[in-house]
Structures are given as structure tokens and as C-alpha cells.
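Novice: Once you've had a glance at the structure underneath, I'll fire off some questions.
The values are calculated or read from the model by the stated rules, or taken from the named source; none is laboratory data. Please read these numbers as outputs of a predicted model, since none were measured by experiment. Here the Cβ positions follow ideal geometry from the backbone for every residue, glycine too, while neighbour counts run over all protein chains shown.
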Amino acid sequence: MLLQHDRAPLWENIRDFRQRLVAPLYCPGHKGGRTLPPELGEQWGGYDLNNLPDTDTLHCPTGSIRQAEELVADAYGVARSFMLVGGSSLGNMAAVMATVAPGDTILVQRNSHKSVVAGIIHSGAIPHWIVPTWDSRFGISHGPSTAAVHQALDQNPQARALVALNPTYFGTVPDVTTIARLCHERRVVFIADEAHGPHFRFGQQYPVAAENAGADLVVQSTHKILSGLSQAAVLHVCSPHIDAAKVQATLQSLQTTSPNFAILASIDLARRQMMQEGPGRLSALRELAIDTRQELAAMPGLACMGPQHSLGHGSGFHALDETKLLIDTRPSGWTGGDAQRFLNREFGVQPELSGSGYLLCILTVGTLRRDLDQLLTGLRAMLVTSPPSSEDLGALNELAGRVAESLPEMVMSPREAFYRRQCAIPFDQAVGRISGEIITPYPPGIPVIVPGERLDQDRLELLVAVKRAHSPISAVDPSLATLRVLE
Ligand SMILES: Cc1ncc(COP(=O)(O)O)c(C=O)c1O
């Protein structure tokens, strides 16, 4: 078959998408350049530079990159900050790899992002998974309770590090202050994945920032909520117990040698914006979220997760970043996927993601009231329209809960399995085999199975159900016709 080289399908697709889009309720935080200086937003190409004598070098900065990093560190009140052009994915990998050695035990919240698993694979550490708190009310997992962290530390006195999210994709946070204290009492390094919390430090009435709460290493996606361009992120070294030189060496081994300077500059600008206007902007944003939640509460057929749903002090849902709108569509009979498609096609509203029974909208520094008005208009129209499909979401929720609250058998370390000889086998022959790959519905990027784990019926069924709901599956064969297992 002859391919059409006069076409540029990706370019054409994103150009069409932009023309259709009215209300961007997803990351990046600048929402189509609204919060970027116009010359950066409009002249991307001109700012795509190289490591030159005049521009400084990301791997060994001594000039303006170094100065920008010092300002970031000062803004966040930490000892050292590294700018990243590979997102929090790179930051998580580097944080893990700089902290643990092959054979070391690392305690990890199971609903961590797949980049944490990548760090575990490449470091050779042995994970002890901490089972997150499943919330059947919304069909999502929260962080670990302090009791679960306590137990994991007691069971693993040899542990070197612990990874927890602050917050989850959905904005819920555990009690990071207590988690940091528990870790420090045992000399365990606390790595906080704060990909979705780069704004916490600057906002009042937001959850506590991990860097304020005593975390040792903190990873943040500047592009998610602040004005960074996609891939803009930072890795903060917060405590003197961390060897910053080791972190730097790890980043030098992982990070591209050709960083995009527009991305780097956007971190510098996002930091300046937060230092100059952060508290005001963030409090206005929170008010906008609260107003929208009130409007949603008045719509029969929808429910929106709010601070009143907290599971209490010290629980995995200790507090909430209210700028995340998790909208439960189940009472209306709409699945999350159908609701997302309806809003997109009919109203140009694009949520960040949909789950089987919910939509997640992410509000950021670039969000305007008109985006949320458009969301509410679209939802009102949806509620008077018959849902295009019906599914037994109760059974799916139950299955997802069983998977979230249980751990598969870990037969060998993720590293050993990843580097062993593997083969592809038909999906329906996979039960009982040992996975060679990370399999992750995306978004939210939380692995259902990691290398070295035995594939079981529940996990395979869940993958099929998630795929049926049109969620992309990040796996070597995204069609799920085959899976990679150990030979
Ligand atoms: C909790 C969490 N950590 C890390 C990441 C990776 O961040 P990035 O997309 O900046 O690489 C994500 C991405 O969605 C995430 O949700």
C-alpha cells in the first residue's frame, strides 16, 4: 500500500482539534498560550535554541540556566532545583534511581505513575507496594493512609525510600506531613510525586506542599497547572540527606543533551509569575472551582467530588485540591467516555480524561470563567439527551475496586523480568504467565501490571473493560491482541 507523503496527519489533526476547541479543561496549564508572554506563545520556533555559549548548557549549567534554577529553588524554599525537559516522568525516574541501588527495598504507593515503575526497573530496587485507599463512591484510588505507611515501614525496616503522590491525578492528598515524619524517624528517604501540585506552595487554602511538609525529593510538572510548556518540570532536592551531586549525575545520564529552550524558559517564567501573582491568581482559581461545584451540585444526575468527601484525618483522602473537578456521571446514565465525546463534539469542551463513570476537568492558571460556563452549558444539554449506550458500571466498579485493593503475585523483581527473554502470546492465553511489560491504561498512567508480576483473571478482565470504554492502553501491543510475557 502506498502511503500518502503529501499528508502530515498529526499536524492536520492537531490543527483541526484547535479550531474546534472552545474550553480546554486539560493540561498544559497555560491553556493554549493564554498565560505565556505573546512573543513566546507566537514564536515558538525562534526560541527553540541549542546549548550555546550565550544560552548555557542544561547538563552543566553555569549561566542563565543556573540562575533560573537558583530562583526556582528559592521560590520553593528548597536546597537545589533541577529544571527538566522530560516532564515529571523523567523526574520520578531520576529521583528513584538517585536514591536506591539494586536490591534495595523501596516502598511505593501502588497507584503511582508508570514513570516510578520505570525508575524501579532501571535502578534494580525491589518494590514493596502500599495498597492505596479505594473509594467506591467515585471509582478511584487515593493515597495511602498514614496507618498503611506505618505498617509498610514496620514490615520493611531495611527500606531505603518511600514514594507517595501529593496529590493524585484527581487532586486528593494523604497526610504528607505525618508521612514525612514517619519516614524521617526511620531514615527513609521520602520522594513526593507532586506532578499535579506545583502550585500548592503559592496558594492559600490548598493542600500542604510536600516541600513544606518535609519531603526529601519532590518532583513537579510545571506544565500541568502553571504556565510551563509541556514537558516542563522540576526536581527539588529539599533536604541535606540527599546527595544533590548524585541526582545531577543521574539526570546527566537520563536527560536529553538538546533541551528545548522555550520549555526551559517557560519554567523560569512560571516561577516569576507565581512569585509575583501566585496567591491572587490561585485564590481566584479556587473561587472559580467552588462556584462551578455549586452549579454542578444543583444539576440532578451529576455529583462532583468535594472536600466534604474527605475520608478523614490521616486517611488516603486527607484533603483535596478543589481545582480538580471530578464529575460523577453515573446517576445520569451516561458513561464517562460517552459524556466526554458528547461535550467535545457538541460543545468543544475537552476534559482532561474520562473514567468509566466520571469526567475529570483540570483547572489551571490559564482557566477562564467562560471555559467553565461552556462546561456547564454542555452538561445541561447532556442531561436532557438520552445516553447513547448503557453499561453495567456497577460490576466494572467492583472489578476495579478488587484490583485496586489487591496485589498480584510478584514472582521476581521488575528489573529481572524486564531484562529477561520475552515473547508475545495471545491475550487469552496470558492468565498465570509472568508479565514482561508495564501495562497501563492511559490516562491516568497507573499500571495495572508491572514486569515480574503474574497475570491474573481480574487484571486481564479489567484491561479488556477499560479498552472497551475507549481508553488507550499503554502496552507494547495497545490492541491487547497479545501480551509480552517471560519465555
Ligand atoms: C501522578 C503523576 N506523576 C507523574 C506524571 C508524569 O508527568 P509528566 O507528564 O510531566 O511526565 C503524571 C502524568 O500524568 C502523573 O499523573
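Novice: Being of a type in the set (D, E, K, R) and within 21 Å of PRO307 (Cα to Cα) is the filter here, so list the residues in segment 137-184 that pass it.
Specialist: Result: ARG137, ASP175.
Novice: Would you pick out the residues in segment 23-57 that are of a type in the set (Phe, Trp, Tyr) and either more than 16 Å from the ligand (Cβ to nearest atom) or at pLDDT below 90 (or both)?
Specialist: Answer for segment 23-57, where residues must be of a type in the set (Phe, Trp, Tyr) and either more than 16 Å from the ligand (Cβ to nearest atom) or at pLDDT below 90 (or both): TRP44, TYR47.
Novice: Continuing with this model, one more query. I'd like to check which helices (runs of 4 or more DSSP H) are fully inside segment 370-487 and have at least 3 residues that are touching a residue at least 40 places away in the same chain (Cβ under 8 Å) and over 26 Å from MET97 (Cα atoms).
Specialist: Hits in segment 370-487: 393-404, 457-468.
Novice: Next up: With the requirement that a residue be within 30 Å of ASP328 (Cα to Cα) and either in the same structural domain as ILE446 (by TED's automatic domain parsing) or of a type outside the set (A, V, I, L, M, F, W, C) (or both), what does segment 117-138 give you?
Specialist: PRO132, THR133, ASP135, SER136, ARG137
Novice: Taking segment 431-459 as the search range and keeping residues that are surrounded by fewer than 20 Cβ atoms within 10 Å (Cβ to Cβ) and modelled with pLDDT of 95 or more, which one is farthest from the ligand (Cβ to nearest atom)?
Specialist: GLY432
Novice: Assess whether VAL96 counts as being modelled with pLDDT of 95 or more, over 30 Å from SER356 (Cα atoms), touching a strand residue (DSSP E or B) at 6+ places or on another chain (Cβ under 8 Å) and within 16 Å of the ligand (Cβ to nearest atom).
Specialist: yes
Novice: Please determine whether any residue of segment 234-248 is within 16 Å of the ligand (Cβ to nearest atom) and in a helix (DSSP H, G or I).
Specialist: Within segment 234-248, none of the residues are within 16 Å of the ligand (Cβ to nearest atom) and in a helix (DSSP H, G or I).
Novice: Moving on. Quickly run through segment 289-307 and pick out the residues that are under 25 Å from the mean Cα position of the chain (by Cα) and in a loop (DSSP other than H, G, I, E, B).
Specialist: Those that are under 25 Å from the mean Cα position of the chain (by Cα) and in a loop (DSSP other than H, G, I, E, B): LEU302, MET305, GLY306.
Novice: Would you mind listing the strands (runs of 3 or more DSSP E) fully within segment 89-191 where at least 1 residues are small (Gly, Ala, Ser)?
Specialist: Because the criterion is at least 1 residues that are small (Gly, Ala, Ser), the strands (runs of 3 or more DSSP E) in segment 89-191 that meet it are 161-165.
Novice: Whether any residue in segment 193-208 is out of contact with any strand residue (DSSP E or B) (no Cβ under 8 Å at 6 or more places or on another chain), away from the ligand (no atom under 16 Å from the Cβ) and either of a type in the set (S, T, N, Q) or under 22 Å from LEU353 (Cα atoms) (or both) is what I want to check.
Specialist: There is at least one residue in segment 193-208 that is out of contact with any strand residue (DSSP E or B) (no Cβ under 8 Å at 6 or more places or on another chain), away from the ligand (no atom under 16 Å from the Cβ) and either of a type in the set (S, T, N, Q) or under 22 Å from LEU353 (Cα atoms) (or both).
Novice: Name the residue, out of LEU58, LEU49, LEU71, that is part of a helix (DSSP H, G or I), touching a residue at least 60 places away in the same chain (Cβ under 8 Å) and in the same structural domain as VAL218 (by TED's automatic domain parsing).
Specialist: LEU71
Novice: Would you confirm whether any residue within segment 77-87 is away from the ligand (no atom under 16 Å from the Cβ), in contact (Cβ under 8 Å) with a residue 24 or more places away in the chain and of a type in the set (Lys, Arg)?
Specialist: yes
Novice: Just checking, which of SER230, SER221 is within 14 Å of the ligand (Cβ to nearest atom), closer than 22 Å to VAL85 by Cβ, of a type outside the set (A, V, I, L, M) and surrounded by fewer than 24 Cβ atoms within 10 Å (Cβ to Cβ)?
Specialist: SER230 is the lone residue from the list that is within 14 Å of the ligand (Cβ to nearest atom), closer than 22 Å to VAL85 by Cβ, of a type outside the set (A, V, I, L, M) and surrounded by fewer than 24 Cβ atoms within 10 Å (Cβ to Cβ).
Novice: Specify which of the listed residues (SER81, SER141, SER88) is closer than 28 Å to ARG330 by Cβ and at pLDDT 95 or above.
Specialist: SER141
Novice: Turning to a different aspect of this structure: Identify the residue in segment 59-92 that is over 24 Å from the mean Cα position of the chain (by Cα), buried (at least 17 other Cβ atoms within 10 Å of the Cβ) and among the hydrophobic types (A, V, I, L, M, F, W, C) and, among all such residues, is nearest to ASN166 (Cα to Cα).
Specialist: Among those residues, the one meeting the criterion is ALA68.
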